[in-house]
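Read the structure below first, then the notes.
Just so you know, all these numbers are worked out from the coordinates, no wet-lab data involved. Just so it is clear, the structure is predicted and the values come from calculations on it, not from any experiment. Cβ placement follows ideal geometry from the backbone for every residue including glycine, while neighbour counts extend to all protein chains displayed.
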Amino acid sequence: METRLLAYEHAVTVSEIAVWANGLIGKEVPGDPGYTVVRVIQFQTISGRSDQGGYDALVLVEVTERKLDTQVALSEADIEVIEELTSSIDETA
């Protein structure tokens with residue numbers, strides 16, 4: 001399991017932070033391409049400065065490395081060679 005600590009600044013309400021954090025699940029980690037958020041582990045809100053109000057938050061999330069699907073493009077010549085090689089395999093042995 002890997003984790004990342006993310007920040008959210010200048011939220012008007014705590015609900016805004018919760019919606020943002022829950023919206024991260026299944027998406028790429030902001031600023032960390034190649035990783036996807038699996039779940040929110042914990043978050044902590046911090047009251048904004050008294051003259052500005054609102055909230056800031058630290059959000060601890062579990063992440064997983066995204067596996068990129070690799071596809072191989074075969075040319076017609078490659079396919080012919082593969083067919084020739086596989087057709088010569090003796091399956092009775």
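For segment 2-87, the equivalent ellipsoid derived from the Cα gyration tensor has semi-axes of 48, 11, 9 Å, listed largest first. Computed over segment 2-87, relative contact order equals 34 percent, with contacts defined as Cα pairs under 8 Å that lie 6+ residues apart.
Computed over the chain with a Gaussian network model linking Cα atoms closer than 10 Å, the most mobile of 25, 46, 17 is 46. Helix 76-87 and the long axis of the chain differ in direction by around 60°, with both axes built from C-alpha atoms. Magnitude of the charge dipole for segment 2-87, about its Cα centre and with charges confined to Cβ atoms of Lys, Arg (+1) and Asp, Glu (-1), is about 780 debye. Helical runs (DSSP H, four residues minimum) scored at -39500 (n - 2.57) apiece and divided by the length of the chain put the mean residue ellipticity at 222 nm at -7000 deg cm²/dmol.
Taking only Cα atoms and a 10 Å spring cutoff, compute GNM fluctuations for the chain and point out the largest among 40, 81, 63. Most flexible of the set in this elastic network: 81.
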